[in-house]
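A short write-up of the structure that comes next.
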Amino acid sequence: MSYRSTIARQPEALKHCLEVAAADVEKIDIAPLASGLTAVTGIGASYAAAVVAAGELQRRGKRAVAIRAVDLMQGGDLADAIMALSSGGRSIEPVTAIKANPKAVSIGITKEGNNPLAEAVQSHIRYDSGSDATPSSTGYTGSLIAAGLLIDRVAGSSSADWAALPQLALEMLERSAAKMSRIGEIFRDRRAIDCVGACSSLGTADGAALLIREAARIPAAPADTLYYLHGPMEAMDKTTGVVVFGDGREIKLAQDLAEIGCAVLLVTSSDMAEDKGNLSVLRVPSLENQIARGILNILPAQLLAATLSDAAGLTDTKFRYRQTDTKIKAD
């Protein structure tokens, strides 16, 4: 399946993931997650999703932190509970992290149930996002759906209208597609692209940077908004681009970067910025739930990655550097 076609089926996939994951979430014993420290972990795009999920747990008053799976692999019982995200469930790092921390209550979130991570954890949530492409599209958002439903149970209430999310996703894709020709032209031939956001949006920025690297083979990196102001933006000029997610300090940052000649895409719910020169603005609904917001935020980034991939003649090109020691092989 092509990358663009998986992006196009996001609304359909989200609806199905909601139905599938909800059934498993109801079976989870949430008591261990109600207190103590929860580590949300993963690797690659799954770690980016973990940052989004940890931010929502924090917003809901829960003790939680995103920790890279590689930092849990040495054990040490750093957390009381571990929520591990892995689309295929075969990445070595989260499985090793679970086994290295046997005292922690463990919950795995994967696309299917028949995989090493599902077998390693004490509880498992399946979301069944269906066929995906490279880079991941529906697998990423499916894992966020499952995490969001679980967090609602842990917090004791819902702060998102999940049933409305597929329609919001469709509208977001339509708005993004309508402006993507302009955005693609602005970002054409940029030598590097930074992706910036704060709290849960830092996870979205991480996911967006990975998409751009994988699909378009353009060097890209994520950064926290305030950290970015302390030096990293010094490398930016008229040959580079920046994708900014947020409604606060991010707005002035986006405008300042555009003034110095950067190609800039600002994804925001604020009306304090408009398209101007090499600044393009895509508006998302102002959603309180950071996971729901994160799902909508990543959609324009997925389309941008596809657009840059097409421009580079890399449409649906497979990875050049496949590694043989990052996945647990099926028996």
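The values are calculated or read from the model by the stated rules, or taken from the named source; none is laboratory data. The shown structure was predicted, so the numbers you read here are calculated from the model rather than taken from an experiment. Methodologically, a virtual Cβ is constructed for each residue, glycine included, from the backbone with ideal geometry; neighbour enumeration extends over all protein chains shown. Note: areas computed on protein heavy atoms with side chains; ligands, DNA, RNA excluded. Shrake-Rupley method; radii C 1.70, N 1.55, O 1.52, S 1.80 Å.
Points worth noting:
- Helices (runs of 4 or more DSSP H) enclosed by segment 1-107 - at least 2 residues per element that are hydroxyl-bearing (Ser, Thr, Tyr), touching a helix residue (DSSP H, G or I) at 6+ places or on another chain (Cβ under 6 Å) and within 23 Å of Pro135 (Cα to Cα): 3-8
- Checked against the criterion of being part of a loop (DSSP other than H, G, I, E, B), open to solvent by 10 Å² or more (accessible area, probe 1.4 Å), of a type in the set (D, E, K, R) and over 19 Å from Ile186 (Cα atoms), segment 292-313 has no qualifying residue.
- Test: residue in segment 66-79 that is surrounded by fewer than 19 Cβ atoms within 10 Å (Cβ to Cβ), at pLDDT 95 or above and either under 18 Å from the mean Cα position of the chain (by Cα) or within 16 Å of Ile291 (Cβ to Cβ) (or both): yes
- Given (1) in a loop (DSSP other than H, G, I, E, B); (2) crowded, with 24+ Cβ neighbours inside 10 Å, index of the condition Pro285 fails: (2)
- Selection within segment 173-217 - in contact with a Pro (Cβ under 6 Å, 6 or more places away or on another chain) and either modelled with pLDDT under 95 or surrounded by 18 or more Cβ atoms within 10 Å (Cβ to Cβ) (or both): Ser176, Cys195, Ala205, Asp206, Ala209, Leu211, Glu214, Ala215
- For segment 7-15, the criterion of a residue being closer than 26 Å to Ile98 by Cβ and buried (at least 18 other Cβ atoms within 10 Å of the Cβ) is satisfied by no position.
- Close pairs from segment 175-199: first in contact (Cβ under 8 Å) with a residue 12 or more places away in the chain and closer than 30 Å to Val40 by Cα, partner exposed (fewer than 14 other Cβ atoms within 10 Å of the Cβ) and among the aliphatic types (A, V, I, L, M), Cβ under 8 Å, at least 6 apart: Ala192/Ala235; Ala198/Leu226
- The C-beta contact set for segment 19-37 (first residue over 19 Å from Ala160 (Cα atoms), second residue open to solvent by 40 Å² or more (accessible area, probe 1.4 Å) and among the acidic types (Asp, Glu), distance under 9 angstrom, 6+ apart or interchain) comprises Pro32/Asp80; Leu33/Asp80; Ser35/Asp80; Gly36/Asp80; Leu37/Asp80.
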